[in-house]
Structures are given as structure tokens and as C-alpha cells.
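Every number here is computed from the coordinates shown, using simple stated rules; none is lab data. Remember, it's a predicted structure, so these values are computed and weren't measured experimentally. When we count neighbours, we look across all protein chains shown, and the Cβ atoms used for this are built from the backbone with ideal geometry, even at glycine.
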Protein chains: 2
Amino acid sequence: MSPLAPVCPLCAEDGGTVLWRNAQLRVIRVNDPDYPGFCRIVWQAHVREMSDLAPAERQQLMAAVFAVESVVRELFAPDKINLASFGNMVPHLHWHVIPRWRDDRHFPEPVWGQVQRPASPNRREIPDTVLGSALAAALGAPPQA
Amino acid sequence: MSPLAPVCPLCAEDGGTVLWRNAQLRVIRVNDPDYPGFCRIVWQAHVREMSDLAPAERQQLMAAVFAVESVVRELFAPDKINLASFGNMVPHLHWHVIPRWRDDRHFPEPVWGQVQRPASPNRREIPDTVLGSALAAALGAPPQA
């Protein structure tokens with residue numbers, strides 16, 4: 001970005017608790033009690049669209065998204081996984097991996113849709129360290145660990 | 001699915017105008033005047049999650065998603081592309097590729113979020129035949145053509 005452009009929040013900050021990272025991407029945990037395994041995979045470079053990446057980079061990013069999906073399914077046992085890359089507010093490539101349950105706040109709407117019920121029951125609590133270890137097993141040890 | 005399960009609408013019907021298909025997947029156009037290049041990529045087999053596919057199948061599906069993204073960017077010149085795979089209502093793998101404009105009905109919310117303005121201006125009109133030809137150029141000629 002040019003020095004006069006507004007600072008991109010995903011360039012300036014991690015955007016959440018980092019569970020795994022390498023030079024190309026990072027996996028962060030989203031702090032949302034209704035969706036406890038909600039993770040984002042953020043491409044480290046400021047790139048706008050998937051089709052702006054080289055094919056090998058796309059594959060690398062999607063392999064991480066699907067590895068996170070597998071880990072979240074295994075640890076949180078959701079009824080469904082939702083995947084999305086929007087970037088309307090922050091046009092810096094990032095993927096949402098969201099575990100969904102039939103009785104969660106928005107189901108069957110996307111989590112950006114209308115609230116469907118006042119609250120969701122408590123979900124399985126899994127600490128960052130456990131989720132981080134499962135990600136390291138799926139993605140490989142992070143290079144700086 | 002078992003004979004007693006409710007019929008899956010994406011197994012029973014195409015789900016829109018088919019622009020391209022092969023044995024593994026089909027690209028359909030979504031009829032939404034606010035989002036004229038809106039396409040869905042539907043996996044032909046009834047599979048629930050990306051992590052239920054074999055790695056080569058995932059790559060094949062995502063390569064189609066990104067090819068559609070490239071074609072939609074080129075033909076419709078949106079400000080942003082939104083990609084999503086939810087399947088909360090129809091748990092049969094399908095990807096949404098949605099062109100977004102800063103002055104569209106929902107921007108910067110996802111199209112499933114709250115309406116932001118009463119209407120959007122008319123967009124570039126591109127017939128199915130033109131969009132289909134561009135997809136065939138990007139994805140290869142469909143096998144049954």
C-alpha cells in the first residue's frame with residue numbers, strides 16, 4: 001500500500017490469537033463464545049483476491065483452510081462447517097472457518113445473517129494450546145517454534 | 001442418501017442455468033438482478049464438507065471456483081469477489097462466487113446480511129452464452145459439448 005493509504009488492520013496487527021504461522025499465512029482464533037472453534041486463515045501479504053495469488057500460493061492457502069476445517073471438525077464436532085472469504089471491509093485475503101450447530105444463534109442462516117434464537121447452549125471448551133497443537137500436527141510445526 | 005431421506009434439491013435438480021459441467025462438477029448461474037455474475041459451483045456427488053473430498057478432488061473443485069472468479073472479475077468488473085461454502089440448508093457441497101460493488105444492496109455486508117440501500121444501479125448485462133463461452137475458455141470445453 002502507498003504511505004498515504006489507510007493502514008490495513010490485517011497488515012498492522014495479527015487480528016486475533018495466533019495459533020500457527022509461517023512466512024505465507026497465519027491461523028488466528030476468533031474470540032466468539034457462540035462459535036468457539038471459529039478460526040481465520042490470513043495470507044501474510046496484502047493481496048486482495050484469490051485470483052491475485054499464483055496457483056501454488058492458492059493451493060498452499062486452501063490446504064491450510066482445509067487442514068483447519070479437519071481439526072475443527074475433530075475437536076468441536078460441529079453439525080456443519082462454513083467457509084468464506086469476503087474482504088469487503090478489509091480487502092486483505094482471509095478465510096473464515098466457522099463451526100456451526102443446528103441450535104447455534106444463526107443456524108441455518110450464515111453467522112452474518114439474522115439471529116434465529118436468543119442464545120446457544122455452552123459448547124465444548126478447548127484451550128488455545130490444545131487447538132494450536134492439533135493445528136501443528138495437521139500443518140506441521142510452525143517454522144519459528 | 002437412503003430412500004427414506006428427504007430428496008436433496010442439488011441431487012434432484014441442477015439448481016439454476018447450467019453454464020458448464022463435467023462428471024465432477026457443474027457451474028450454474030444464479031438469477032439475481034442485483035448480482036448479475038453470481039455463480040455457484042456444485043459438486044455433482046452428494047458430499048457434505050470439503051474435508052470429505054480426496055485432496056485431488058478438492059483441488060479440482062477449487063480450481064473451478066478460482067477459474068469462475070477470474071471470469072467474473074473480467075466480465076463484470078466488480079469491486080470485490082466474495083467466496084463462500086455454507087450448506088447449512090442444503091448440505092451438498094456448493095460454492096458461491098459473488099461479484100460485489102461498493103454501491104450494491106448489501107455492501108459491505110455479505111449478501112446474506114442486512115440490506116444497506118434500497119436498490120443498486122443497473123449492472124453490465126452479459127448473456128448466459130457469453131458467460132458460458134468465457135467459462136469454457138477458462139475451464140476447457142465441457143466433455144459433452
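Quick notes on this one:
- The loop-placed GluC sites (Glu not before Pro) in region B:40-145, going by DSSP, that have at most 16 neighbouring Cβ atoms within 10 Å of their Cβ come out as B:GLU125.
- At 7 Å out from Cα toward Cβ: A:PRO121 inter-copy label distances (nm, ascending): 5.1
- Value of D in µm² per second that Stokes-Einstein yields for the protein assembly as shown, Kirkwood Rh from Cα pairs, at 20 °C (1.002 mPa s): 107
- B:GLN44 label point (Cα plus 7 Å toward Cβ) to equivalent points in the other copies: 4.1 nm, shortest first.
- Taking chain A and dividing mean pair separation by its residue count, relative contact order in percent (alpha carbons under 8 Å, at least six apart): 25
- Backbone N under 17 Å from the B:GLN114 label point (7 Å along Cα→Cβ), restricted to region A:100-124: A:106, A:110-117
- Nearest 10 degrees, 0 to 90: helix B:55-76 Cα axis against chain B principal axis: 20
- Converting the Cα gyration tensor eigenvalues of region A:10-145 into ellipsoid dimensions via √(5λ) gives semi-axes, longest first, of 24, 18, 13 Å.
- Annotation for region A:67-98 versus region A:5-47: alpha-carbon center distance of 11 Å.
- Pseudo-label separations to other copies for A:ASN22 - Cα-to-Cβ vector, 7 Å, nm: 2.7
- Here the dipole of the protein assembly as shown is about 20 debye; that uses its Cα centre as origin and unit charges on the Cβ of Lys and Arg (positive) and Asp and Glu (negative).
- Applying the criteria of a DSSP loop state and at most 13 other Cβ atoms within 10 Å to the trypsin sites (Lys or Arg not before Pro) of region A:75-138 yields A:ARG102, A:ARG124.
- Considering only chain A, the C-beta nearest to the rotation axis that sends A to B is found at A:ALA84, 2, the distance in whole Å.
- Helical contribution to [θ] at 222 nm, DSSP H n ≥ 4, -39,500 (n - 2.57), averaged over the protein assembly as shown, rounded to 500: -8500 deg cm²/dmol
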